Every structure is written in structure tokens, then in C-alpha cells.
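**Student:** Please see the structure below; I have some questions.
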Amino acid sequence: MVEIANALEKLLADNPGPVSISAGIAALRAIGATEAIDELQSMVGTFAAERWRPIAFDLSVYEARGP
């Protein structure tokens with residue numbers, strides 16, 4: 001869990017604007033996260049919200065899952 005928090009802290013530090021859900025998922029995938037995309041979306045959104053950061057919902061879970 002520490003590795004996830006560190007990756008998301010870096011994402012927030014590197015991007016002062018709204019936190020991109022898709023960028024957050026990419027950051028988590030880059031450190032080897034294998035959870036379902038909707039779980040990762042939840043992690044990123046919760047992490048940002050707990051830090052009072054605006055969130056850019058720029059990824060639809062349904063689109064990401066495909067047909």
C-alpha cells in the first residue's frame with residue numbers, strides 16, 4: 001500500500017491541477033497494480049478527495065472495459 005500511496009503522491013505533486021483518473025491509473029499500472037480498472041479508479045479518486053484535490057473524471061470505466 002505504501003508503494004501505491006507514493007505513486008499517487010508523486011502524481012499529485014507533479015500535476016498541480018485536477019487529478020486525472022486516467023493518469024492515476026497509468027501511474028498505478030506502472031508500479032504493477034493488477035486490480036480491476038474500476039477499483040483503481042476508486043483508489044485514485046479517493047486519494048485525491050482525501051487531499052482536497054479536484055478530480056478530472058477523464059476515463060469511463062465502461063469505455064475502458066470495452067465490449
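The values are calculated or read from the model by the stated rules, or taken from the named source; none is laboratory data. None of these values were measured; they are calculated from a predicted model. Note: ideal-geometry Cβ built from the backbone for every residue, glycine included; neighbour counts use all protein chains shown. These accessible areas exclude ligands, DNA and RNA; they are computed on the full protein's heavy atoms, side chains included. Shrake-Rupley method; radii C 1.70, N 1.55, O 1.52, S 1.80 Å.
**Student:** Give the number of residues within the range 1-30 that are under 15 Å from S42 (Cα atoms) and out of contact with any helix residue (DSSP H, G or I) (no Cβ under 7 Å at 6 or more places or on another chain).
**Tutor:** 6
**Student:** Condition test on R53, is it assigned to a helix (DSSP H, G or I), modelled with pLDDT of 95 or more and basic (K, R)?
**Tutor:** No: the conditions fail for R53.
**Student:** Something else about it: In the range 1-29, how many residues are part of a helix (DSSP H, G or I), open to solvent by 70 Å² or more (accessible area, probe 1.4 Å) and more than 17 Å from L59 (Cα to Cα)?
**Tutor:** 7
**Student:** Count, please, the residues in the range 30-41 that happen to be within 18 Å of R51 (Cβ to Cβ) and either open to solvent by 60 Å² or more (accessible area, probe 1.4 Å) or in contact with a strand residue (DSSP E or B) (Cβ under 6 Å, 6 or more places away or on another chain) (or both).
**Tutor:** 0
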